[in-house]
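Beneath this line is the structure, given in structure tokens, with notes to follow.
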Amino acid sequence: MEMQTTWMDRGHSMELGSAARGDGLVTLFAASRGGSIAVNTAAATLWLVLRGGAEFECREGRFGLVAGDWISLERESCPLVYAAGNGLVLGIALPAVHPAMSSYGKSAAVFPGRGRFQARAAAFRAWRHAAPFVRNETRTGVSAPHASSQLLRFVAALQDDFGAMVHRCPGRSLRRKRQLFSRMQRACLHMEGHLGRITRISELAEMASMSVWYFTKTFHAIYGQSPQAASARIRLAHAADLLLDTRLSVSEVGAACGFENNCSFSRAFRARFGLPPSLYRLRGGSSIDRSGKATGHVQPSSVFTGSVTWASV
């Protein structure tokens, strides 16, 4: 399999146009220690953060990812990816439909979405063995069949958790269900990419190319809750992160997460975590269960993500 590789290191940056084209050529990316990559062409991409953190700007909004996070984006997303000073980010651009992916039960390359993974060493080996990387250069080469197969297996496994949600989508055929799920995930990423405000249902329905009624019905069927409840949950999870990781005041955290005033924020936060925001910060993220006992540090997470522990590469 022919592949291109691009590695931007130590503050170097590159804009990729034809390098990430969708004519069957697979492109592998790496960005580290302040390096950045802009994909300014129609290419579906998937990114993994192996170390440190990374910032993503794309059509769906802004995302801050940490080690162990992955994100996949549609062809029209055109992401700008920036690795933090201690960061290492890997990425792959696949055609919208890649023949090799069918071997792993996927008719399309990837769905839009986010998730967590634990096999960071396996990911690093899969990328490095698939094709040679040279710092601050773009190169083209042929990958050994075994190495490219390992890489595609890893990419396919990242989204295994999405299978159950695909089958909950309305539609008579699996192809229709996958198309609908992809559109819903696009809307969900838009919601997560704008945590500083409340995203209107009409806005999300437009992202998914649906009526408001059909979008709301389909959303509940797939994710088990309403769009309004999901929006509040991910904004509160973001607020919990900000309380622990920043020195913003409680009112500033609430405003940064789209709450109109401090009272509404504190009320919603307590209903979600069992503690007011100030006490949650004081206890270092301890929550309260229904019996009134402290549950230890809470790890807020998205309601739309998949996760995988896959170390068989």
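The values are calculated or read from the model by the stated rules, or taken from the named source; none is laboratory data. Every value quoted in this text rests on a predicted model; they were computed, and no experiment measured them. Neighbour counts run over all protein chains shown; Cβ positions are idealised from the backbone, glycine included.
Filter the range 56-98 down to the residues that are assigned to a strand (DSSP E or B), surrounded by fewer than 19 Cβ atoms within 10 Å (Cβ to Cβ) and in contact with a Ser or Thr (Cβ under 9 Å, 6 or more places away or on another chain) and list them by number. It would help to see each step written out before you state the result.
The first filter runs over the range 56-98 and keeps only residues assigned to a strand (DSSP E or B), leaving 56-58, 61-66, 69-73, 80-83, 88-94.
Cutting the leftovers down to surrounded by fewer than 19 Cβ atoms within 10 Å (Cβ to Cβ) gives us 57, 61-62, 64, 66, 80.
Scanning the range 56-98 gives a single hit, Leu80.
What tally of residues in the range 217-274 results from selecting those that are in contact (Cβ under 8 Å) with a residue 60 or more places away in the chain, outside any loop (DSSP other than H, G, I, E, B) and surrounded by fewer than 19 Cβ atoms within 10 Å (Cβ to Cβ)?
Filtering the range 217-274 for residues in contact (Cβ under 8 Å) with a residue 60 or more places away in the chain gives 223, 225, 230, 233-234, 236-238, 240, 256-258.
Retained after the next criterion (residues that are outside any loop (DSSP other than H, G, I, E, B)): 223, 230, 233-234, 236-238, 240, 256.
Cutting the leftovers down to surrounded by fewer than 19 Cβ atoms within 10 Å (Cβ to Cβ) gives us 223, 233, 256.
Adding up the residues that qualify gives 3.
At least 2 residues that are crowded, with 19+ Cβ neighbours inside 10 Å and in contact with a Leu (Cβ under 8 Å, 6 or more places away or on another chain) in each: list the helices (runs of 4 or more DSSP H) lying fully within the range 114-190 that qualify. Step through it out loud before you land on a result.
Values: elements: 120-130, 145-158, 163-168.
Qualifying helices (runs of 4 or more DSSP H): 120-130, 145-158.
Taking the options Phe259, Phe269, name whichever one is under 19 Å from Ala229 (Cβ atoms) and modelled with pLDDT of 95 or more. Break it down into steps so the answer makes sense when it comes.
Values: Phe259 fails: modelled with pLDDT of 95 or more.
So the residue among Phe259, Phe269 that is under 19 Å from Ala229 (Cβ atoms) and modelled with pLDDT of 95 or more is Phe269.
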When every residue in the range 150-196 that is farther than 15 Å from Glu74 by Cα and among the basic types (Lys, Arg) is compared, the one farthest from the chain's Cα centre (by Cα) is Arg172
Members of the range 216-256 found to be among the acidic types (Asp, Glu) and at pLDDT below 95, listed by number
Asp241, Asp245
